[in-house]
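Colleague: A single structure is presented below for examination.
The values are calculated or read from the model by the stated rules, or taken from the named source; none is laboratory data. As the structure is a prediction and not an experimental result, all values here were calculated from the model. Note that each Cβ is placed from the backbone with ideal geometry, even for glycine, and that neighbours are counted across all protein chains shown. To get the accessible areas, we keep the full protein, side chains included, count just its heavy atoms, and leave off ligands, DNA and RNA. Shrake-Rupley method; radii C 1.70, N 1.55, O 1.52, S 1.80 Å.
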Amino acid sequence: FKQKTAYEIASCLVGSEMCIRDRPPNRGETIQVMRYEAGQEYRSHHDYFHDDVNVVNGGQRLATVLMYLSDVEEGGETVFPLGTPLGRKSTNKKRFKEENACELARKGDPDVLAVKPRRVDALLFYSAHLNGEMDETSLHAGCPVVKGTKWTATRWQRVGAIDVGSFAREPIDAQNSA
């Protein structure tokens, strides 16, 4: 997990820089902006695909850039139930259930990898290991917002080029297209 400055992340989100291990900009999906009101959450999930249909165009999702667009008064953390916080030893994750990781994070459990949403902070995490295997520890959830509103912008990076719209693999050659 790596934190970047707001400028670096904004540049990555709009695709003007190759921010993730020098990936070309046509590897990123369209930005998704989400709003969470009090009581709303995003249940635990992996960002990588579990089917072959979604991998056809651009391949598997390699990484996620999650930018927080607002402060949240209470709740709304992003938790990684199988992750290990920096500077801590791996613990017995069996005590973490998808349902209680958010509760433990709210109570300040030091063994829970949790990121509190703060405006212009961003989170970069990978869904795959260097050998191409999917990383099960990338399981994450957006905890329920208790007080306030949470706004996020997410951009997923793919292994290969996305072949749609302005992200087409090859530029159109007007002279040879007739």
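Colleague: If you go through the range 99-123 one residue at a time, how many are in contact with a helix residue (DSSP H, G or I) (Cβ under 7 Å, 6 or more places away or on another chain) and either among the basic types (Lys, Arg) or surrounded by fewer than 16 Cβ atoms within 10 Å (Cβ to Cβ) (or both)?
Modeller: Our first condition is that a residue be in contact with a helix residue (DSSP H, G or I) (Cβ under 7 Å, 6 or more places away or on another chain); within the range 99-123, this holds for 112, 114, 120, 122.
Of the ones still in play, those that are also either among the basic types (Lys, Arg) or surrounded by fewer than 16 Cβ atoms within 10 Å (Cβ to Cβ) (or both) are 120.
The qualifying residues number 1.
Colleague: With the structure loaded, tell me whether Thr30 is modelled with pLDDT under 95 and more than 25 Å from Ile162 (Cα to Cα) or whether it fails that test.
Modeller: Numbers: modelled with pLDDT under 95: yes; more than 25 Å from Ile162 (Cα to Cα): no.
Spelling it out, it is not the case that Thr30 is modelled with pLDDT under 95 and more than 25 Å from Ile162 (Cα to Cα).
Colleague: When the residues of the range 40-72 are filtered to those that are within 20 Å of Glu136 (Cβ to Cβ) and polar (S, T, N, Q), which remaining residue is farthest from the chain's Cα centre (by Cα)?
Modeller: Residues of the range 40-72 within 20 Å of Glu136 (Cβ to Cβ): 42-52, 54-55, 59-64, 66.
If we keep only those that are polar (S, T, N, Q) too, we end up with 44, 54, 60, 64.
Details: Ser44: 12, Asn54: 17, Gln60: 14, Thr64: 3 Å.
Restricting to residues being within 20 Å of Glu136 (Cβ to Cβ) and polar (S, T, N, Q), the top hit is Asn54.
Colleague: Which condition number does Arg23 fail, the rest of (1) of a type outside the set (Asp, Glu); (2) at pLDDT below 90; (3) in contact with a Lys or Arg (Cβ under 7 Å, 6 or more places away or on another chain); (4) farther than 30 Å from Glu73 by Cβ being met?
Modeller: Answer for Arg23: the failing condition is (3).
Colleague: Among the residues of the range 77-88, are any in contact with a Leu (Cβ under 6 Å, 6 or more places away or on another chain) and open to solvent by 60 Å² or more (accessible area, probe 1.4 Å)?
Modeller: Taking every residue of the range 77-88 in turn, at least one turns out to be in contact with a Leu (Cβ under 6 Å, 6 or more places away or on another chain) and open to solvent by 60 Å² or more (accessible area, probe 1.4 Å).
Colleague: Select from the range 65-75 the residues that are crowded, with 21+ Cβ neighbours inside 10 Å and under 28 Å from Arg27 (Cα atoms) and list them in ascending order. I'd like the intermediate steps shown before the answer.
Modeller: So in the range 65-75, the residues crowded, with 21+ Cβ neighbours inside 10 Å come out as 65-68, 72, 75.
If the condition is that a residue be crowded, with 21+ Cβ neighbours inside 10 Å and under 28 Å from Arg27 (Cα atoms), then Val65, Leu66, Met67, Tyr68 are the ones that fit.
Colleague: Since Gly160 meets every condition but one in (1) modelled with pLDDT of 90 or more; (2) under 21 Å from the mean Cα position of the chain (by Cα), which condition does it not meet?
Modeller: Here Gly160 clears every test but (1).
Colleague: When only residues in the range 39-57 that are free of Cβ contacts under 8 Å to residues at least 12 places away in the same chain and acidic (Asp, Glu) count, which is least open to solvent (accessible area, probe 1.4 Å)? Quick ask: steps written out before the conclusion?
Modeller: First, pick out the residues of the range 39-57 that are free of Cβ contacts under 8 Å to residues at least 12 places away in the same chain: 50-56.
Then keep just the ones that are acidic (Asp, Glu); that gives 51-52.
Numbers: Asp51: 65, Asp52: 128 Å².
Filtering first and then ranking leaves Asp51.
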